[in-house]
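Notes follow once the structure below has been shown.
The values are calculated or read from the model by the stated rules, or taken from the named source; none is laboratory data. Predicted model, so just to flag it, every value in this text is computed and none were measured. Virtual Cβ from ideal backbone geometry, glycine too; neighbours counted across all protein chains shown.
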Amino acid sequence: MRRSLLTLIALAALGCAQAAPAPAGMAQILARAPAADWRTLDPAHLLVMRLPQGRVVIELAPAFAPAHVADIEALARAHYWDGLAITRVQDDFVAQWGDPAADTPRRRALPAGLSRALPAEYTRALAGLHFTRLPDGDVYAPAVGFADGFPVGADPAAGRAWLLHCYGMVGVGRDNPPDTGNGTELYAVIGQAPRQLDRNIALVGRVADLIEIAGKRASLADLTRQLLAIPGVQDAALIQHDAPDAAGARRLAALVVAPTRSETELLAELRQRFDPVFLPRPLKRVERLPRNALGKLPHTAVWALLRA
């Protein structure tokens, strides 16, 4: 009797385990999200970088670093970064840009009214912040979650909150004193999250053109840069499918102008550069991209070529 009872309990437990629904994937979560969960980016706080390899869109976070964001927006209006350079790209860490001559007498002049040093804006009050806390723990913060799409750490006991050094976040380069960053030198996290920098460097925003496929994230601009770096590629465009595939992932597709390379050769090159989840499906070689008079690529024109 005892053995039969244990068998019944084991079978019941197995039945419960088998009946448990599988966790929702990213595509399912996004598809189920109501309209109220989405927000329109404020164009007044968007920083747009136009590089030879493509465009990078950065959403600034004045709610966390108002003085730095105000200076960055003033610098952008004054075209401070025009003609300057990407000064550092360190794999799995950051890409940084600014004035290569910043520490010399030849440094570019700041617009009138801007300071070369700002206060350290590392934390803000937790009160008044719409903070969605995640259930998982974190060794760098008592609580972690999101606020308006930004990754946030918080200390409820102290009543403070701060932005986190997650992939795609943008921070202000500075010298050793904590109040020397003024927004002229910026960096974006491009690898594993250097969370030891939280509350040590002012974070001011995030790259807004990140894509996520099968749980992995990358910058569309960076993927495009790598595609354009392939010998023989003259022009290219990557675009993400609107609908998920059978596995629930919204894959990439590509149009490539490369007269001397075959599609097979291009895909072989990309396999050496891309994580497999970001390989374009399909990749189509074309004579030219369907750019309009402003040099932009209309979404409908791109898809018309891909489906032709």
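Report every pair of residues separated by at least 6 positions or lying on different chains whose Cβ atoms are under 8 Å apart, first residue within segment 64-80 and more than 15 Å from R124 (Cβ to Cβ), second of a type in the set (F, W, Y) and not in a helix (DSSP H, G or I).
The qualifying pairs are L75/W81.
Pick from segment 198-242 the residues that are among the basic types (K, R) and surrounded by fewer than 16 Cβ atoms within 10 Å (Cβ to Cβ): which of them is nearest to R288 (Cα to Cα)?
Once the filter is applied, the top-ranked residue is R217.
Starting from segment 129-153, take each residue that is more than 19 Å from G168 (Cα to Cα) and list its partners that are basic (K, R), counting only C-beta distances under 6 angstrom and pairs at least six apart or across chains.
Correct list of pairs: A143/R133.
Return yes or no: is V56 in contact with a helix residue (DSSP H, G or I) (Cβ under 9 Å, 6 or more places away or on another chain), surrounded by 14 or more Cβ atoms within 10 Å (Cβ to Cβ) and at pLDDT below 90?
Answer is yes for this residue.
Is segment 24-32 home to any residue that is out of contact with any Gly (no Cβ under 7 Å at 6 or more places or on another chain), surrounded by 14 or more Cβ atoms within 10 Å (Cβ to Cβ) and modelled with pLDDT of 70 or more? Give the derivation first.
So the first thing to find is which residues in segment 24-32 are out of contact with any Gly (no Cβ under 7 Å at 6 or more places or on another chain), and the list is 24, 29-32.
The next check asks that each one be surrounded by 14 or more Cβ atoms within 10 Å (Cβ to Cβ); those that pass are 30.
Among the residues that remain, those that are also modelled with pLDDT of 70 or more are: none.
No.
Mind counting the residues in segment 74-102 that are in a helix (DSSP H, G or I) and either of a type in the set (G, A, S) or touching a strand residue (DSSP E or B) at 6+ places or on another chain (Cβ under 7 Å) (or both)?
2
Only one of these is assigned by TED's automatic domain parsing to the domain that holds Q90, closer than 28 Å to A85 by Cβ and crowded, with 21+ Cβ neighbours inside 10 Å: V172, V152. Name it. Before the answer, list the steps.
Working: V152 fails: closer than 28 Å to A85 by Cβ.
Every option except V172 fails the conditions.
Six or more apart or on different chains, Cβ atoms under 7 Å: show the pairs whose first residue is in segment 26-51 and part of a helix (DSSP H, G or I) and whose second is of a type in the set (D, E) and modelled with pLDDT of 85 or more.
Within 7 Å, the pairs are H45/E59.
Hey, P105 hits all of (1) farther than 23 Å from P178 by Cβ; (2) modelled with pLDDT of 90 or more; (3) of a type outside the set (F, W, Y); (4) not in a loop (DSSP other than H, G, I, E, B) but one; which does it fall short on?
The failed condition is (4).
Scan segment 69-94 residue by residue and report those that are touching a Pro at 6+ places or on another chain (Cβ under 9 Å) and within 21 Å of A193 (Cβ to Cβ).
Hits for segment 69-94 are F93, V94.
One residue is enough: does segment 74-82 have a residue meeting the conditions under 16 Å from M49 (Cβ atoms), basic (K, R) and over 22 Å from the mean Cα position of the chain (by Cα)?
Yes, segment 74-82 has at least one match.
Say we look at segment 275-296 and pick out the residues that are within 14 Å of P259 (Cβ to Cβ) and crowded, with 16+ Cβ neighbours inside 10 Å; which of these is nearest to the chain's Cα centre (by Cα)?
L289
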